[in-house]
Amino acid sequence: MKPFRIVVAGCGGMAQTWVEYALQRPDTEIVALVDVFPQSARKMQEKYSLSCPTFSSLADALQQVDANLVLDITIPDAHFEVALTAFAAGCDVLGEKPMASSLQDAQTMLDAAQQAGRTYAIMQNRRYLKPIRAYRDLVHSGKIGTPGFATANFFIGAHFGGFRDAMESPLILDMAIHTFDQARFILQADPVSVYCQEFNPKGSWYQGNAAAVCIFEMSDGSVFTYNGSWCAEGVQTSWEAQWRVMGSLGSAIWDGPQIYAEGVKDPEQQAFHRDVERMEAKFTWEGREGHFGCLDEMFQALLENRDPETVCTDNIKSMKMVFGALESARTGRKVLL
Ligand SMILES: NC(=O)c1ccc[n+]([C@@H]2O[C@H](COP(=O)([O-])OP(=O)(O)OC[C@H]3O[C@@H](n4cnc5c(N)ncnc54)[C@H](O)[C@@H]3O)[C@@H](O)[C@H]2O)c1
């Protein structure tokens with residue numbers, strides 16, 4: 001019997017990447033496919049020539065097959081039910097972001113995972129890119145001194161259709177989680193407070209708020225600001241956002257393929273503008289990128305019986321940034337996290 005006997009919950013667009021990953025691993029076997037729409041599970045079954053059964057309910061699947069790992073690639077609103085059902089059946093869960101649709105649900109899921117003694121880790125694929133690793137190293141290389149102010153601009157015009165168009169806060173809940181998690185990763189600091197204004201700009205094709213401005217205070221004393229829109233037509237940023245981290249001695253930029261810093265040559269220099277020198281980022285990270293990189297880490301952690309980097313106890317800190325921002329937008333007040 002293979003070490004990982006997997007039930008795939010949710011057979012939509014993103015699930016294909018997860019199934020392709022699982023099929024590459026010699027130590028995994030997909031034992032069931034689940035989707036509330038049976039035709040979606042059957043379509044997946046046909047596409048990858050899988051012989052496993054299909055189900056329309058995870059609980060039914062877990063009663064009928066011998067599984068120890070659930071991959072949760074359902075819509076955000078279903079993550080709570082999927083995770084709790086999986087833990088009750090003694091399975092570990094590797095799931096898509098966002099962890100849940102409310103902070104209370106995320107905390108209940110975390111508690112359930114701990115009570116069941118199971119691992120719950122969340123996909124944060126944007127941590128697993130050579131540029132972000134190079135940028136984080138540059139920010140902490142000492143070349144820009146101590147980071148004190150970070151900004152991220154995220155401007156994309158994305159016409160998805162589907163669940164995002166109907167969400168109340170598609171940008172903050174479905175996308176900003178990536179950028180917020182990136183900020184924690186880049187600064188190596190956790191959020192302390194947030195002030196947020198959320199809105200739906202003219203011309204938006206989303207029902208909910210597709211744009212937001214947020215100010216976070218971080219545990220290292222730095223401030224992180226976020227400007228984002230998912231209905232920004234023209235002059236788009238990359239999906240990883242456009243970053244500037246300002247330190248006590250310089251600034252570091254990550255803007256698509258450009259990653260570099262400028263730091264003062266001589267901190268003692270007396271001048272209106274001090275002389276600076278440019279430093280390029282070093283791309284030293286050798287892991288795979290994106291989903292496959294994050295999944296490599298998750299599976300390796302399960303094999304080594306340790307917490308994955310994106311385990312729920314860490315990821316809930318990024319979720320607090322999301323739900324704190326939503327609460328601030330709702331109340332018009334700064335929220336402590
Ligand atoms: N990490 C990333 O870059 C990234 C990118 C896109 C989507 N996602 C995330 O992946 C998840 C899925 O997104 P998608 O684009 O594949 O959506 P999708 O709508 O294409 O697929 C979701 C599937 O889940 C099924 N489903 C819903 N409730 C279910 C339940 N209770 N049990 C079983 N199946 C259920 C739906 O029928 C649908 O087939 C979301 O959480 C989304 O935020 C992440």
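We did not get these values from a lab; they are worked out from the coordinates using the rules stated. The model shown is predicted, which means the values in this text are computed figures rather than measured ones. FYI the Cβ positions are ideal-geometry reconstructions off the backbone, even for glycines, and counts take in every protein chain you see.
Mind checking which aspartates and glutamates have their Cα closer than 17 Å to the Cα of K265? Skip sequence neighbours fewer than 8 apart in that chain.
Partners found: D275, E277, E280.
Only counting other Cβ atoms within 10 Å, I'd like F272, F87 sorted with the fewest neighbours first.
Taking fewest neighbouring Cβ atoms as first place, the list is F272, F87.
Cα to Cα, under 28 Å, and not fewer than 8 places away if on the same chain: which lysines meet these conditions relative to K47?
Qualifying lysines at Cα under 28 Å: K2, K97.
Give, in nm to one decimal, the length gained when the segment between V192 and E286 is fully stretched (0.36 nm per residue of separation minus the Cα-Cα distance).
Result: 30.6 nm gained on full extension.
I need to check one value: relative contact order of the chain, counting alpha carbon pairs closer than 8 Å and at least 6 residues apart, in percent.
Taking the mean separation of contacting Cα pairs over the length of the chain, I get 18 percent.
May I ask for the angle, rounded to the nearest 10°, between helix 79-88 and the longest principal axis of the chain, with both axes built from Cα atoms and the value confined to 0 to 90°?
With both axes taken from Cα atoms, the answer is about 60 degrees.
Based on alpha-carbon positions alone, could you give the equivalent ellipsoid semi-axes of segment 4-122 from the gyration tensor, as √(5λ), descending, whole Å?
Semi-axes, largest first: 22, 15, 13 Å.
With labels modelled as points extended 7 Å from the Cα through the Cβ direction, what inter-label distance (nm, one decimal) is found for R25 paired with V65?
Rounded to a tenth, the inter-label distance reads 1.4 nm.
Fewest to most neighbouring Cβ within 10 Å: what's the order for D296, D181?
D296, D181
Pairs of alpha-carbon atoms within less than 8 angstrom and 6+ residues apart define the contacts here; what relative contact order does segment 4-122 have, in percent?
Relative contact order, segment 4-122: 24 percent.
So which aspartates and glutamates can K334 reach, going by Cα to Cα under 12 Å and dropping same-chain residues fewer than 8 places off?
Reachable aspartates and glutamates: E217.
Which number do you get for Rg(Cα) / (2.2 N^0.38 Å) in segment 261-327?
1.87
Given the alpha-carbon gyration tensor of the chain, what are the semi-axes of its equivalent ellipsoid in whole angstrom, ordered largest first, with each equal to the square root of 5 times an eigenvalue?
After diagonalising the Cα gyration tensor, the semi-axes are 37, 22, 18 Å.
At 7 Å along the Cα-to-beta-carbon direction for both D137 and I253, put a label point, then send me their distance in nm to one decimal.
So the two model labels end up 2.1 nm from each other.
Any chance you could give the angle, 0 to 90 degrees and rounded to 10, that helix 290-304 forms with the longest Cα principal axis of the chain?
Computed tilt is about 70 degrees.
From the phi angles alone, apply the Karplus equation (6.51, -1.76, 1.60; θ = phi - 60°) to segment 109-119 and give each ³J(HN,Hα) in whole Hz, x where the residue is Gly or Pro.
5, 4, 4, 5, 5, 5, 5, 7, x, 10, 8
Choose one of P98, T119, L23: the residue whose Cα lies farthest towards the positive end of the charge dipole of segment 20-122 (beta-carbon charges +1 Lys, Arg; -1 Asp, Glu; about the Cα centre).
L23
Mind pulling the angle between the C-alpha long axis of helix 15-24 and the longest principal axis of the chain? Nearest 10 degrees, somewhere in 0 to 90.
80
Within a 10 angstrom radius of the beta carbon, how do R126, R288 rank from fewest other beta carbons to most?
Listed from fewest to most nearby Cβ atoms, that is R288, R126.
For the chain, which cysteines have no disulfide-compatible partner, meaning no other cysteine Cβ under 4.7 Å?
For the chain, the answer is C11, C52, C91, C231, C294, C312, because their Cβ atoms have no other cysteine Cβ under 4.7 Å.
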